[in-house]
């Protein structure tokens, strides 16, 4: 892909799409959302990580950084392909259109996918050419993942480091026996991924044909309870029992006296270097096939990272450890030529982090909700940054802009009134226009902000575990005035990308 032009887009995770079966999918509504983006002259559809989620439903805590989430599989498309009958869907419970009811959706959808797998197995000759091609391309990660999920199902969902020693340590004989004994469940999970990837690339190809690029999200860290860590224990800071010796997080700051204790394993960068960053290289190459560009979350962790002893209860007693991001990114750039990567460089950013970002000419991020808490030197104010950035009104971790304005501090309200001449009741629109008018190469608006929704529609509140990742859009929320406003801004501020015929 050539370097990005001045452009704009919308942030909306797949789970938030409308769909009658409880969660957004890769089906009809996703295609309609692509049509909406094309109609409003957008270039980018930004989403959150798409991997399978577990406890807490966070897309940033996944069982695999390579697998897709079965929740996003379209049941309607399975009926179109003869893997489900329409009557199979009649018993699906009526669920909320406003939020994802994860517990129910997971159970119901898994049951229907098992039914689809039966039909797939009975008519395997119709599928085997595509299926074997898929296995050939993905077996390098898929076998581990499918076995990992099968073993978790068999072992009461225990974390892999609580399995029997032979499996925990991945002794080849034990793995071979487990593959044989769990053959049915392993093949079910292979099937689920086959269907997910089939539907994913059908949607991505459609989006690209409409001039829409899919903008993915790559968390720096991975979950301990994942096939990635189980299969690559040497590249993480673990002891002989597979327990974390140190975990990731961020130190205390203005927002938190105890910092953030993320509870995920940190990388063993010396071992990664010995392996010539093969796992990271595979991950980046894989993501750039799945997406047209990606955001690396917590980019600063590629320069140095806050390492917290796993025995601590909070992030106070951590320390900064150096990473080897320059070496790794140099290798990737030599392989790819151009890195279609955006650096999430929010938080505690040092000159060294900025130097790493700039050495590879990676766009950074600016967030307007962070711009008005101090004086005119605030780095998130549009007059203080250049072109090589992506500017947001807010991110998935922020309140909606309307929600933020309602809870703005006295200092923020004073600065906002000084900065804008518009009335307070339309200030959310002024902030969106400010993003589009900025010199930043990319401008992104969360769908909630375009729809002018308040804080009840927030996607995530960091540091909490309840009521997150649940918000869903309803088509009735999207008015012609929203579309017209977005088209007007995109044309007015030269963010329309002229596509090659």
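Bear in mind these aren't lab numbers, they're just calculated from the coordinates by the rules spelled out. Quick caveat: nothing in here was measured; it's all calculated off a predicted structure. Using ideal geometry, Cβ is built from the backbone for each residue, glycine included, and neighbour counts are taken over all protein chains shown.
Once the mean 1/r over all distinct Cα pairs of segment 23-155 is inverted, what Kirkwood radius in angstroms do you read off?
Result for segment 23-155 stands at 16.9 Å.
Order by neighbour count: 247, 496, fewest other Cβ atoms within 10 Å first, most last.
So the residues, fewest neighbours to most, are 496, 247.
Limiting things to C-alpha atoms, what are the Rg and the maximum Cα-Cα separation (Dmax) for segment 111-242, in angstroms?
Here Rg and the maximum Cα pair distance are 17.1, 51 Å.
Which number do you get for Rg(Cα) / (2.2 N^0.38 Å) in segment 356-501?
1.08
Over the Cα atoms of segment 234-332, compute the convex hull volume and normalise it per residue, giving Å³.
Output value, Cα hull per residue: 112 Å³.
Once you compute Rg and the Kirkwood Rh from C-alpha atoms, what is the Rg to Rh ratio for segment 292-412?
Values: Rg = 16.5 Å, Rh = 16.3 Å.
My calculation puts Rg/Rh at 1.01.
Mind jotting down the three principal axis lengths of segment 56-120 based on Cα atoms? Whole angstrom, largest first.
34, 28, 16
For each of 160, 475, count neighbouring Cβ atoms within 10 Å of the residue's Cβ, then give the residues from fewest to most.
475, 160
Based on other C-beta atoms within 10 Å, arrange 393, 409 from fewest to most.
The most exposed by this proxy come first: 409, 393.
Work out how far the C-alpha atoms of the chain reach from end to end along every principal axis, then list the three figures in whole Å, largest first.
Principal extents (Cα only, largest first): 69, 54, 43 Å.
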